[in-house]
Amino acid sequence: MKFAFTKMHGLGNDYVYVNCFDVAMSADDAPAISRVVSDRHRGIGSDGLILIAPPEANVLADVRMIMFNADGSRGEMCGNGVRCVAKYAIDHELCPATGDAEGRRTIRVQTDRGVLSLVAFPGEDGRIERVRVDMGTPILTCADIPVTFDFKRCIDAPLKVGGVTMSITCVSMGNPHAVTFVDDVSAFDLERIGPLVERHAMFPNRVNFHVVQTADRSEATMRTWERGSGITLACGTGACAVHVAGVLEDRFDRSTLLHLPGGDLEIAWPEADGSVFMTGPAAEVFSGIVEI
């Protein structure tokens, strides 16, 4: 199969994007394609594959995002990925995104989490540089995350894995996350502990795992082991989950600046029963044609 692609990233969380308005690619074929193109030695190199497609019939959205992790597994949602989808759709004129007097553009993206509303901010050249995403209301009920736990919510709960005992808080932002706060994120053995947490029996659908070091109530540093991809430079849904976990554990105020290995994200959760908002950059790296 031969097709055109575009490499994009949000804070270094990089994906291969395929414009399915122009390219016919089946979601059934995508897992195998994702494994090939994601290989950083024999492929293009990425954290996965994202298809940018027309929305499904009767869905009120401008475009649809269908994402696959580097191991070919289907991902429900990716915060960094959806920002790049918005940038691509607007910059490449896939949809008539509406703008305001200041040039901000609004777009609705269908995801496996549902339809998300995004506001895109152009740079001096008119192309999109930053995107604010309404990530929706966090899911906190254990059965819905899902996580097997004896209580309705998993907040500051004990977990022992790989000889390490930690306290975790679990949140779903359309995909499952487990968050633990530590004294020093750089000293945490994420490469060893990450895959053990991801596949722990407590998480029937596996889990994204984050370690966090707080600076104060409005700033923190985090590292991520991403389900299906391993250690990544950034995780947008993970940053939202980290913020929510910090609020639930009374470590954070309602807005935080989170430092990820790939850069910074601004996260806000204004109301306990409302949406989480994420703002960060999106960048297009290069385009090409691949045959596999």
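Excluding ligands and nucleic acids, what accessible area in Å² is computed for ILE90 using a 1.4 Å probe, to the nearest 10?
Around 10 Å² of this residue is reachable by solvent.
Towards the positive end of the charge dipole of the chain, with charges on Cβ (+1 Lys, Arg; -1 Asp, Glu), say which of PRO31, MET77, CYS20 has the farthest Cα.
Farthest towards the positive end: PRO31.
Along the Cα→Cβ direction, 7 angstrom out, place labels at ASP112 and GLU266. What is the inter-label distance in nm?
For the pair ASP112/GLU266, the computed spacing is 3.1 nm.
Report, to the nearest whole %, how much of the accessible area of the chain belongs to carbon and sulfur atoms, 1.4 Å probe, protein only.
47 percent
Per residue, what accessible area does region 141-228 have, given a 1.4 Å probe and all protein chains present, in Å²?
44 Å²
In whole Å, how far is the Cα centre of region 148-183 from that of region 203-225?
Taking the Cα centre of each part, region 148-183 and region 203-225 sit 10 Å apart.
Below 16 Å, Cα to Cα, which aspartates and glutamates can LYS2 reach? Residues fewer than 8 away in the same chain don't count.
LYS2 reaches ASP22, ASP29, GLU291.
Cα centroids of region 1-56 and region 246-292: how far apart, whole angstrom?
Taking the Cα centre of each part, region 1-56 and region 246-292 sit 22 Å apart.
Report the label-to-label distance for SER218 and ASP22 in nanometres (one decimal), using points 7 Å from each Cα along the Cα→Cβ vector.
My value for the distance between the label points is 4.4 nm.
Got a sec? What order do GLU198, GLU129 fall in by accessible area at 1.4 Å, biggest, i.e. largest, first?
From most exposed to least exposed: GLU129, GLU198.
Got the relative contact order for the chain handy, in percent, Cα pairs under 8 Å and 6 or more residues apart?
So the answer I get is 20 percent.
What is the dipole size for the chain, taken about its Cα centre, with +1 at each Lys and Arg Cβ and -1 at each Asp and Glu Cβ, in debye to the nearest 20?
That gives the chain a dipole magnitude of about 500 debye.
If you roll a 1.4 Å probe over the heavy atoms of the protein chains, what accessible area per residue do you get for region 1-77, in Å²?
41 Å²
Give the shape of region 1-149 as rounded, prolate or oblate, defined through the alpha-carbon gyration tensor: a ≥ b ≥ c are the square roots of its eigenvalues, a/c under 1.5 means rounded, and otherwise the shape is prolate if a/b is larger than b/c and oblate if not.
Oblate shape, in that a/c is at least 1.5 and b/c is the bigger or equal ratio.
Rounded, prolate or oblate: which fits region 223-276, taking a ≥ b ≥ c as square roots of the Cα gyration tensor eigenvalues, rounded meaning a/c under 1.5, else prolate when a/b beats b/c?
It is prolate, given that a/c is not under 1.5 and a/b is the larger ratio.
Which order do you get for LEU248, LEU260 if you rank them by accessible area with a 1.4 Å probe, largest at the top?
LEU248, LEU260
Hey, which lysines would be in cross-link range of LYS87, C-alpha to C-alpha under 21 Å, not counting anything within fewer than 8 residues on its own chain?
LYS7
Quick one: ranking ARG251, ARG40, ARG206 by accessible area, 1.4 Å probe, largest first, what do you get?
So the residues, ranked largest to smallest area, are ARG40, ARG251, ARG206.
What full-extension length gain, to one decimal in nm, is calculated for GLU93 and ALA201 as 0.36 nm per residue of separation minus the Cα-Cα distance?
34.4 nm
Mind checking which lysines have their Cα closer than 21 Å to the Cα of LYS152? Skip sequence neighbours fewer than 8 apart in that chain.
Within the straight-line limit of under 21 Å, LYS152 reaches these lysines: LYS160.
Under a Cβ-only charge scheme (Lys and Arg +1, Asp and Glu -1), can you give me the dipole magnitude of region 35-179 about the Cα centre, in debye to the nearest 20?
Roughly 280 debye for region 35-179.
Using only the Cα atoms of region 142-212, build the gyration tensor, take square roots of its eigenvalues as a ≥ b ≥ c, and label the shape rounded, prolate or oblate: rounded if a/c is under 1.5, else prolate if a/b is larger than b/c, else oblate.
The shape class here is prolate.
Using 7 Å Cα-to-Cβ label points, what is the ASP144/ASP125 separation (nm, one decimal)?
Output for this residue pair reads 4.2 nm.
Could you work out the relative contact order of region 57-152? I mean the mean sequence separation of Cα pairs under 8 Å and 6+ apart, divided by the number of residues, in percent.
Relative CO of region 57-152 lands at 24 percent.
The values are calculated or read from the model by the stated rules, or taken from the named source; none is laboratory data. Computed from a predicted structure; not experimentally measured. As a convention, Cβ positions derive from the backbone with ideal geometry for all residues, glycine included, and neighbour counts pool all protein chains shown. With ligands, DNA and RNA removed, areas are computed over all heavy atoms of the protein, side chains included. Shrake-Rupley method; radii C 1.70, N 1.55, O 1.52, S 1.80 Å.
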